[in-house]
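Visitor: The structure under discussion is supplied below as structure tokens; questions concerning it will follow.
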Amino acid sequence: MKKLDDCRLYVITGENYHPGRSLLDVMERALIGGADILQLRAKETPKREVLAQAYALRELTQRYGVPFIINDHIDIALAVGADGVHLGQDDLPLAEARRILGPDKIIGISTHHIDQALDAERGGADYIGVGPVYPTGTKPGRKAVTTDYVREAAQRVRLPFVAIGGITLDNVDAVLEAGAVRICAVSAIVGSEDPAEACRTFLHHIRLKQMDHLIAGSTCTVCVNGREERTSARTVLELVEQLNLSGKRMVVELNGEIVPHERWGAAPIADGAVLELVHFVGGG
């Protein structure tokens with residue numbers, strides 16, 4: 001089974017976008033094209049039908065070795081052995097969902113601004129959705145968060161995040177440029193005449209952006225104690241080592257949040273990050 005950290009293209013069902021074509025056929029085409037995580041979202045569908053769809057998609061995703069997530073329905077996720085659930089801000093609280101599902105299931109949370117993202121991170125979510133980046137028919141009436149929120153999440157959130165909402169092949173580069181490394185699409189994939197080819201093209205854009213970062217020398221500009229530094233460090237731990245501060249007694253603050261010492265190696269640094277390194281000197 002593919003690990004969440006390694007997933008790059010998240011595809012959500014949307015039967016209204018492919019009338020006349022079966023759900024299983026469309027979703028299998030997406031998996032053939034490289035979709036590496038799949039969510040069943042069926043807000044208006046009777047629950048018995050959602051259960052039947054969930055059993056069928058569980059079998060399909062197991063065949064392709066990708067995680068299977070169910071939107072909202074924790075009971076159905078448990079019944080079919082799904083890998084996890086995705087919850088909105090108005091759904092069951094994260095702590096209660098974790099109590100029911102246990103520590104091993106994936107829980108994703110939709111977020112629309114940075115406070116919600118940081119709450120989800122502190123609460124133990126496994127990933128967050130960041131969006132809707134652009135206006136979308138799947139979230140009617142929801143104001144777009146724009147790429148500004150994508151950029152903020154890339155700088156401040158340590159959890160894996162998925163950019164979602166109105167993302168198409170025409171605007172995905174702007175989303176990737178803002179710092180997203182995981183993309184979710186609905187209509188642009190399941191509404192496509194060829195979902196497999198749509199997935200391949202999205203993945204091509206994602207890989208090109210990854211290559212751009214490598215070609216650029218894998219460096220970024222950060223602000224350390226009020227001074228700009230150019231660094232190739234990708235984590236707080238790497239930056240501390242580059243500054244020859246290993247072994248020093250320090251408190252590290254990254255973008256306004258204190259990073260515990262044991263998480264330095266997992267705390268990513270992005271271009272524009274602001275760090276405060278407070279070095280304590282022993283005394284008598």
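The values are calculated or read from the model by the stated rules, or taken from the named source; none is laboratory data. The model shown is predicted, which means the values in this text are computed figures rather than measured ones. Note: ideal-geometry Cβ built from the backbone for every residue, glycine included; neighbour counts use all protein chains shown. We work out accessible area using only protein heavy atoms, side chains counted, and drop any ligands, DNA or RNA first. Shrake-Rupley method; radii C 1.70, N 1.55, O 1.52, S 1.80 Å.
Visitor: Only Cα pairs within less than 10 Å get springs; with that Gaussian network setup on the chain, which residue of ARG29, ARG122, ARG182 has the largest fluctuation?
Guide: Among ARG29, ARG122, ARG182, the largest mean-square fluctuation in the Gaussian network model of the chain belongs to ARG122.
Visitor: At 37 °C and 0.692 mPa s, grab the translational diffusion coefficient of region 69-165 from Stokes-Einstein with a Kirkwood Rh over Cα pairs, rounded to a whole number in µm² per second.
Guide: Values: Rh = 13.6 Å.
After rounding, the answer is 241 µm²/s.
Visitor: Could I ask something else about it? Using a Gaussian network model of the chain whose springs link C-alpha atoms within less than 10 Å, name the residue from GLY102, GLY226, GLY247 with the highest mean-square fluctuation.
Guide: GLY247
Visitor: Give the Rg/Rh ratio for region 105-212, taking Rg as the radius of gyration of the Cα atoms and Rh as the Kirkwood radius, to two decimals.
Guide: Reported Rg/Rh, Kirkwood definition of Rh: 0.96.
Visitor: Let me ask something else. Using a 1.4 angstrom probe, figure out how much accessible area region 180-255 has per residue, in square angstrom, rounded to the nearest whole. Working shown, then result.
Guide: On the way: 3990 Å² over 76 residues.
Normalised by residue count, the accessible surface of region 180-255 is 53 Å².
Visitor: OK, next. If I stretch the segment between GLU229 and ARG263 completely, what's the gain in nm (0.36 nm per residue apart, minus their alpha carbon distance), one decimal?
Guide: Gain in length upon complete extension: 10.1 nm.
Visitor: Something else about it: Just how far, in whole angstrom, is region 9-41 from region 68-126 if you go by their alpha carbon centroids?
Guide: 21 Å
Visitor: With n ≥ 4 as the cut-off for DSSP H runs, can you work out [θ] at 222 nm for the chain, using -39500 (n - 2.57) per run divided by the number of residues, rounded to the nearest 500?
Guide: Working: 10 runs with 102 residues, N = 284.
Result for the chain, helices only: -10500 deg cm²/dmol.
Visitor: Here's another thing I want to ask about it. Cα-Cα over 30 Å: which of LYS209/LYS248; LYS3/LYS248; LYS3/LYS209; LYS2/LYS248; LYS105/LYS248; LYS3/LYS43?
Guide: From the list (LYS209/LYS248; LYS3/LYS248; LYS3/LYS209; LYS2/LYS248; LYS105/LYS248; LYS3/LYS43), the Cα-Cα distance tops 30 Å for LYS209/LYS248; LYS3/LYS248; LYS2/LYS248; LYS105/LYS248.
Visitor: Also, I was wondering about something else. Using a Debye calculation, one point per C-alpha and no hydration shell, please list log10 I(q)/I(0) for region 1-120 at q = 0.11, 0.14, 0.15, 0.23 Å⁻¹ in order.
Guide: -0.36, -0.58, -0.67, -1.46
Visitor: If region 103-156 were replaced by its equivalent ellipsoid, with semi-axes equal to the square roots of 5 times the Cα gyration tensor eigenvalues, what would those be, largest first, whole Å?
Guide: They are 21, 14, 8 Å, listed from largest to smallest.
Visitor: Calculate how steeply helix 47-64 sits against the longest principal axis of the alpha-carbon atoms of the chain, using the helix alpha-carbon long axis, and give the answer as 0 to 90 degrees to the nearest 10.
Guide: Between helix and principal axis, roughly 60 degrees.
Visitor: Ok, one more. With every protein chain kept in the model, how would you rank HIS86, HIS205 by accessible area, 1.4 Å probe, largest at the top?
Guide: HIS205, HIS86
Visitor: For GLU228, what accessible surface area do you get with a 1.4 Å probe? Give it in Å², rounded to 10.
Guide: Its heavy atoms expose roughly 140 Å² to the probe.
Visitor: Over all alpha-carbon pairs in region 130-284, figure out the percentage whose distance exceeds 18 Å.
Guide: Numbers: 7559 of 11935 pairs.
Of all Cα-Cα pairs in region 130-284, 63 percent lie more than 18 Å apart.
Visitor: While we're on this one: If one takes the longest principal axis of the Cα atoms in the chain, at what angle in degrees, from 0 to 90 and to the nearest 10, does the Cα axis of helix 114-123 lie?
Guide: Long axis of 114-123 versus the principal axis of the chain: about 90 degrees.
Visitor: In whole percent, and with a 1.4 Å probe on the protein chains, what portion of the accessible area of the chain is carbon and sulfur?
Guide: In the chain, the share of accessible area belonging to carbon and sulfur is 51 percent.
Visitor: When the label point is put 7 Å from the Cα of ARG99 along its Cα-to-beta-carbon vector, which residues of region 110-139 have a backbone N closer than 17 Å?
Guide: 123-125
Visitor: Another question, then. At 1.4 Å probe size, put MET211, MET27, MET250, MET1 in order of accessible surface, largest to smallest.
Guide: Solvent-accessible surface, decreasing: MET1, MET211, MET250, MET27.
Visitor: Using a 1.4 Å probe and counting only protein heavy atoms, arrange LYS2, LYS105, LYS209, LYS143 so the residue with the most accessible area comes first.
Guide: LYS143, LYS2, LYS105, LYS209
Visitor: Could you tell me the accessible area of ASP170 in Å² (1.4 Å probe, neighbours in place), rounded to the nearest ten?
Guide: Its accessible surface works out to 150 Å², give or take rounding.
Visitor: Subtract the Cα-Cα distance of GLU238 and ARG63 from 0.36 nm times their separation in residues, and report this length gain in nm to one decimal.
Guide: Net length gain for the segment: 59.1 nm.
Visitor: So if the hydrodynamic radius of region 67-121 is defined as the Kirkwood radius over C-alpha pairs, what does Stokes-Einstein give as its diffusion coefficient at 10 °C and 1.306 mPa s, in µm² per second?
Guide: For these conditions, the coefficient is 140 µm²/s.
Visitor: Between ALA125, ALA30, ALA79, which gets the highest mean-square fluctuation from a Gaussian network model of the chain, Cα cutoff 10 Å?
Guide: ALA79
Visitor: What is the diffusion coefficient of the chain in µm²/s, taking the Kirkwood radius over Cα pairs and the Stokes-Einstein relation at 37 °C with a viscosity of 0.692 mPa s?
Guide: Rounded to a whole number, D works out at 164 µm²/s.
Visitor: Then there's this: Give the calculated FRET efficiency between THR219 and LEU24 to the nearest 0.05, with a Förster radius of 45 Å applied to their Cβ-Cβ distance.
Guide: So the FRET efficiency works out to roughly 0.50.
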